[in-house]
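Working notes, structure below.
The values are calculated or read from the model by the stated rules, or taken from the named source; none is laboratory data. Just so we're clear, the structure is a prediction, and the values are computed from it rather than from any experiment. Heads up, the Cβs are rebuilt from the backbone with ideal geometry, glycines too, and the neighbour counts pull from every protein chain shown.
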Amino acid sequence: MMSDQQIIDGCANHERKAQQILYDKYSHFLLGVCMRYATDKPEAEDILQDSFLKIFSNIKDFSGTGSFIGWLRKVAVNTAITHYHKNLKYRYHVDIEDYVSVEAGVTSFEEDYFTSDELYQVLNELPTGYRMVFNLYAVEGYKHKEIAEILGVDTNTSKSQYSRAKAVIREKLEKLGKLRSSY
Amino acid sequence: MSIRELFRHKLGNAEIAPDPLLGSKLMRKQARKEFIRFNPVRFNAYYLGGILVATISAGIILSPQSKKQDHPSSLNQSISVSNVVSSESKQISAVQPESQEQNSTNQNTSESTQKKPALEIKGPSVSNSPQRTTEEVKKNIVYTSITDSISKSSFQGGQSAEMNKLKGGFKSVDASFEISATKGCAPLHLNFYNKSGSLDSCRWVFGDEGYSIEKNPDWIFDVEGEYKVVLTVFGPDGSQATSSAVITVFPKPLARFEIAPEKPVLPKDEIRFFNYSTNAVHFNWDFGDGNSSDLFEPRHRFDKFGNYNVRLKVSSDLGCTDSMIVMNAFFGSEYFIDFPNAFFASNQGPTGGFYSAKSDESSQVFHPVFSGITEYQLRIFSKLGIVVFETSDVNVGWDGYFKGQLCDPGVYIWKVRGSFRSGEPFIKMGNVTLLRN
């Protein structure tokens, strides 16, 4: 088994074997990241492929300081953002029902109440703009100001999209919860 | 646990297995990328390209040698020999000797190639050698002349053979072109057709500081004057030839006129037309009501209001024209109402507002000029908003008095509403300045 440093050096020298090992080792994790930004698995796999091409050609820029896995995640997230910008024309396709204001309901959820598959599904069903903002803010931990710059929108848009995304997610989760309790 | 925490914990480091085929697809893609990237260690696109270039260039080097050996005489057969004298002025058609291959093959024949002068002095369309007649087309005018250094040398007897030999057998070019016209009115839009034989590139200099490198350019001369257009043709081997023509651009006249009075009352007023045209000698007026005139400044009476388009067409002594149209010149209506913007209130005491030709003359009463009024209400306000005058009789105006007192001089606001005989209502507002003698 090669260490991360050996893999990085190998990839920097364009060794096919090192690239293959890197892919085998991290593709599961990175697809987990890409899946959060996509509407379905094929789209996520597209993003994953582009991410790996980027990783292979830029791996020599990885400074070695900081965590390698964090760098990989960042490349994947950036690729997803690029992908989002390419498909900008769909950005405003938000169903009117997604705009409904949501009454305050359950605010707390048990972690083990939902499987990660269910959570992915909830994310995938979100409108693209909501999904971007929610992922970047809630999971990746970007600030609203940074998100606004990344997506080329107003800070307030980022904030309002986040709160609307949260509302939609809450509604979907509650629905899931109700379905379950009826068993 | 909040939604944010839920997703972060659950999905922050979640893993999903990708499609098993994806890995090999990715590796193939990466291999293609790798192939395009330059890498001295590996066989890639650069080596492949290098091999291709080497193969092709080897093929090129080898092939002409074999051709030469196969057809030694074929090159000579294609040469047409003709010669031309370029005389002092421009209007002579000329073709140059193309003697190079003879030189390279046989020095003796090269001397005999000179002086087969085929020459004609030109009419508007001149051609000399039979194969050119088809080229030198119908209505267009052809100018050709040659100032190429090689062609000049060829007129100097036996020297030219040596010259040609020294220059290694240049294939000279000749320059000739056609123009859609040589004179006309500004702005003159011309098409130029390059009728030169084989040429590599050419340059047109239009004499107005403009130039073009197109083969058949078109050009607009905006300003009157004479322009010398020079075409320089560059042959494939660096030789060049020029040809020129003179373009005459006539000045364009300018049609300008004004209609007076600006707001006429028809059919009462006679309309005058003030002519401000320049550079023109002939004038043609079309009043738009079916009448016309050739006078410099005509007068005309229109029977009634209407959307007449008044047009002035002028032409200069050289036949250039310009025109000006005033669309919908008399769109007004025969029913109208208009107010003045100032009047002199009399200090002789109130007059009751009845106005006559006399009071009208000294502007002592504020009243409208009008036609075809059926309903009428006029109110005049002071600056404080007090109604100082009100009437529903169009024949009564304001004498400047309010409750028997002469009002202060200054600005007053008037508002009028009513309707014309046609039934069309009107509302107008404005201000009037009260003056005192």
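A few comments on the model shown:
- Residue within region B:268-288 that is under 20 Å from residue B:175 (Cβ atoms) and without any contact (Cβ under 8 Å) to a residue 24 or more places away in the chain present: no
- Taken over region A:27-42, the criterion of being surrounded by fewer than 22 Cβ atoms within 10 Å (Cβ to Cβ) and touching a helix residue (DSSP H, G or I) at 6+ places or on another chain (Cβ under 8 Å) is satisfied by A:29, A:39, A:40, A:41.
- Members of region B:362-402 that are over 58 Å from the mean Cα position of the chain (by Cα) and surrounded by 21 or more Cβ atoms within 10 Å (Cβ to Cβ): B:389, B:399, B:400
- Residues in region B:348-361 that are of a type in the set (S, T, N, Q) and surrounded by 14 or more Cβ atoms within 10 Å (Cβ to Cβ) were compared, and the one that is nearest to residue B:432 (Cα to Cα) is B:359.
- Flag if residue B:293 is under 26 Å from the mean Cα position of the chain (by Cα) and either at pLDDT below 90 or hydroxyl-bearing (Ser, Thr, Tyr) (or both): no
- Filtered by the rule that a residue be under 16 Å from residue B:435 (Cα atoms) and of a type in the set (Val, Ile, Thr), region B:354-404 gives B:365, B:380, B:388.
- Hits in region A:132-178 - residues which are more than 10 Å from chain B (Cβ to nearest Cβ) and among the small types (Gly, Ala, Ser): A:148, A:152, A:158, A:160, A:163, A:177
- Qualifying residue in region B:62-84 (condition: away from chain A (no Cβ under 14 Å) and at pLDDT 70 or above): yes
- Within region B:1-22, the set of residues being crowded, with 16+ Cβ neighbours inside 10 Å and either more than 7 Å from chain A (Cβ to nearest Cβ) or part of a helix (DSSP H, G or I) (or both) comprises B:3, B:4, B:6, B:7, B:8, B:10, B:11, B:22.
- Pick from region A:109-131, criterion at the interface with chain B (Cβ under 8 Å from one of its Cβ atoms) and among the aliphatic types (A, V, I, L, M), ranking: surrounded by the fewest Cβ atoms within 10 Å (Cβ to Cβ): A:119
- Yes/no for residue A:59 being in a helix (DSSP H, G or I) and either at the interface with chain B (Cβ under 9 Å from one of its Cβ atoms) or in contact (Cβ under 8 Å) with a residue 40 or more places away in the chain (or both): yes
- Residue in region A:68-85 that is in a helix (DSSP H, G or I), more than 21 Å from the chain's Cα centre (by Cα) and modelled with pLDDT under 85 present: no
- Among the residues of region A:1-19, those that are assigned to a helix (DSSP H, G or I) and surrounded by fewer than 17 Cβ atoms within 10 Å (Cβ to Cβ) comprise A:4, A:5, A:6, A:9, A:12, A:16, A:17.
- In the set (1) modelled with pLDDT under 85; (2) part of a helix (DSSP H, G or I), the condition left unmet by residue A:107 is number (2).
- Selection of region A:30-47 for residues being closer than 15 Å to residue B:26 by Cβ, facing another protein chain (nearest Cβ under 9 Å) and over 11 Å from the mean Cα position of the chain (by Cα) yields A:42, A:45.
- Sole residue being among the aliphatic types (A, V, I, L, M), under 28 Å from residue B:403 (Cα atoms) and at pLDDT 85 or above, chosen from B:281, B:314, B:365, B:310: B:365
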